[in-house]
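A.B. asks: Below is a structure I'd like to ask you about.
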């Protein structure tokens, strides 16, 4: 609701300036630091002053004196040297916020432009770990936020099923364990196959480090996988598909769904790179180096912004030292990883004259169907209802911050091909690592060297088999919350207690992973995540449970449903909001009505953390309100109805905010 009024103010001021001064200007606004300064402020007169050769305050006074009424605004005032400060009609805002609460989601048009969000992208060679969860939770929450704002979102989970990590597991089964394809098939049907491969992958790492000549074994396996030949390719397909299913079951526990699982193998077998290579050569985006150390390589010139510095892999100086280049095709004829990624992104934007075949692969508990790419038309779905994938206008890739350079090169490749608009709309949602506090590592049974126990956090390594498996983490959180719920609500059924524990555990984990900005290293700790105090998921959830409890008790006392007191006039609301304690209630109402504004900010800066912070601030403000006002024992019936409606507004907005973070409120805590 706040965003709607802010947009009215921006539009009204911009229109007035156009008519009065003949000037087109973008009206920026901000929230004043104190309520006595209003709810919306604009510094637009300072910009106008330079163009009109007038003092900012004089322009502000002229605008205030002639602009007229703005719907929802009580008055407009001049502040300081020339700010325009708007004071909202509190009663009208409250009534409008009540009507809009929890229902501000914009309709998604069937023909609206598509946004692709790619996230998770776990190598299908072992169990998911806590770092993967940060990626998935970030991507899932950002997708929810975009959908709420009215965007048509396609969620992709890229599967690198021909990479070196899968090759290592294949090598382990063939050369360490000497297993046949049938033996691996039987193993793959076990519930914890991803755990088995986790341990095998770590053993292969040791096996290869013991004798560097064994790397030739890996190279041979990798080559056969990429070519799609032999038992190696067959085993890679078997292993990767089984592990992907394990990953999807893990993500289901956190309510994370996907639309499409594009696979590396199909990019290779359907010759995506051949089509991209021809296009890039035709557009002179790449050229063949004929001298120097890059002789025989196809290279792409890089701008300074995309060069990534001296440490960038496969980047080198051109023959005359004039510019950096990126090797796209090596002199051996093999395409680099970033070359394949450029081809994939040309497909994402609908620029490549190639497409995958598709088939349904996995049904999420939500009912959403996850499709997977296929390499042959014989495997394609034949019912005629295959969705159209790709053809995006914007792409967001949720990838580790350490992959910033390859992402820059992909954008540079699009730009070099003449696709500037697509390059501008390719966004890297980078995030930093998840580590463990020494206390958390000890609780998980890891042996910590004495010197590491004194550090702020302990690093994890999947290659060494060190880390927190995602399912183990969720299980441990579930165990802790189940004990708490069982002790607090023994009268509830076992099914209810289990569901409440699940929602609290998932809410605690998702909130903990989202409350930090993407560039922050997260040191995970069970005690911190599960705390009912401070900036945590349980704290926010408790505010919802408390608000619902107030209404439940009121219903038990009076027998009236929540809607019974919903017919409150703006005049009545203004009366209570102008009382001695009206400012504190108004501040709570204003915060509750600011969900749309917070969503706009979260999208603009690509930070779900802003929404997590908003949810905490709203929960905190409500708890202060709850302790200050004796809602159920209030003797003034009109005021009691008003306080109950404030409670309802906060509850619905807090529910909506947390749902965008993938967090559901339990019935009891």
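What follows draws every value from the coordinates through simple rules; no lab data is involved. Treat the numbers as computed from the prediction; the structure is a model and nothing was measured. Glycine gets a Cβ as well: all are built from the backbone with ideal geometry, and neighbour counts include every protein chain shown.
A.B. asks: First measure r as the distance between the Cβ atoms of residue 454 and residue 376, then evaluate 1/(1 + (r/R0)^6) with R0 = 51 Å and state the FRET efficiency to the nearest 0.05.
C.D. replies: Computed FRET efficiency for residue 454 and residue 376 comes out at 0.35.
A.B. asks: Where in region 584-618 does the amide nitrogen come within less than 15 Å of the point 7 Å from the Cα of residue 520, taken along Cα to Cβ?
C.D. replies: From region 584-618, the list is 607-617.
A.B. asks: Principal axis extents for region 433-669, Cα atoms only, whole Å, descending order, please.
C.D. replies: The Cα atoms of region 433-669 stretch 66, 45, 26 Å along the principal axes, largest first.
A.B. asks: Could you tell me what percent of the DSSP beta bridges with both partners in the chain are antiparallel, to the nearest 5?
C.D. replies: Values: 29 of 51 bridges.
Percentage antiparallel, nearest 5: 55.
A.B. asks: Would you please give the FRET efficiency between residue 330 and residue 421, computed as 1/(1 + (r/R0)^6) with r the Cβ-Cβ distance and R0 = 30 Å, to the nearest 0.05?
C.D. replies: The calculated FRET efficiency here is 0.50.
A.B. asks: Same structure again: Looking at (1) 1.20; (2) 0.98; (3) 1.02, which value of Rg/Rh (Cα atoms, Kirkwood Rh) comes from a calculation on the structure shown?
C.D. replies: (3)
A.B. asks: Expressed as a whole number of Å, what is the distance separating the alpha-carbon centroids of region 500-546 and region 177-204?
C.D. replies: Between the Cα centre of region 177-204 and that of region 500-546, the gap is 34 Å.
A.B. asks: Could I have the simple spin-label model distance between residue 584 and residue 290, label points 7 Å from Cα toward Cβ, reported in nm to one decimal?
C.D. replies: 8.1 nm
A.B. asks: Separate question: Any idea what angle helix 193-210 forms with the longest principal axis of the chain, computed on alpha-carbon atoms, 0 to 90 degrees, nearest 10?
C.D. replies: 50 degrees
A.B. asks: Under 1.5 on a/c is rounded, so check that first for region 1-90, then, if it is not, pick prolate when a/b is larger than b/c and oblate when it is not; a ≥ b ≥ c are the square roots of the alpha carbon gyration tensor eigenvalues.
C.D. replies: prolate
A.B. asks: Let me ask something additional. For the chain, what does -39500 (n - 2.57) per DSSP helix run (n ≥ 4), summed and divided by total residues, give at 222 nm, in deg cm²/dmol to the nearest 500?
C.D. replies: Only helices count here, giving -16000 deg cm²/dmol.
A.B. asks: Once a ≥ b ≥ c are taken as the square roots of the eigenvalues of the Cα gyration tensor of region 164-257, is the result rounded (a/c under 1.5), prolate (a/b larger than b/c) or oblate (a/b not larger than b/c)?
C.D. replies: In terms of gyration-tensor shape, prolate.
A.B. asks: So, in nm, how far is label residue 668 from label residue 558 when the simple model puts each one 7 Å beyond its Cα toward the Cβ?
C.D. replies: With each label placed 7 Å out from Cα toward Cβ, I get 2.6 nm.
A.B. asks: Given a Förster distance of 35 angstrom, what is the FRET efficiency for residue 575 paired with residue 23, based on the Cβ-Cβ distance and rounded to 0.05?
C.D. replies: Using R0 = 35 Å, I get an efficiency of 0.25.
A.B. asks: If I fit a long axis through the Cα atoms of helix 494-514 and take the longest principal axis of the Cα atoms of the chain, what angle between them do I get, 0 to 90°, rounded to 10?
C.D. replies: 80 degrees
A.B. asks: Follow-up question, since we're still on this one. Just rank 369, 24, 535, fewest to most, by other beta-carbon atoms within 10 angstrom.
C.D. replies: On the way: 369 15, 24 8, 535 18.
Exposure proxy ranking, most exposed first: 24, 369, 535.
A.B. asks: Let me ask something else. Against the longest principal axis of the chain, how steep is helix 272-282, in degrees 0 to 90 to the nearest 10, with axes from Cα atoms?
C.D. replies: Taking Cα atoms only, the helix is inclined about 80 degrees.
A.B. asks: Turning to a different aspect of this structure: Is the shape of region 210-287 best called rounded, prolate or oblate, per the rule: a/c under 1.5 gives rounded, else a/b larger than b/c gives prolate, else oblate, with a ≥ b ≥ c the square roots of the Cα gyration tensor eigenvalues?
C.D. replies: oblate
A.B. asks: Now, a different point. Can you sort 59, 399 so the residue with the fewest Cβ neighbours within 10 Å comes first?
C.D. replies: If I rank by nearby Cβ atoms, fewest first, I get 399, 59.
A.B. asks: Which of 427, 212 comes first, and how do the rest follow, when ranked by fewest Cβ neighbours within 10 Å?
C.D. replies: Sorted ascending by nearby Cβ count, the order is 212, 427.
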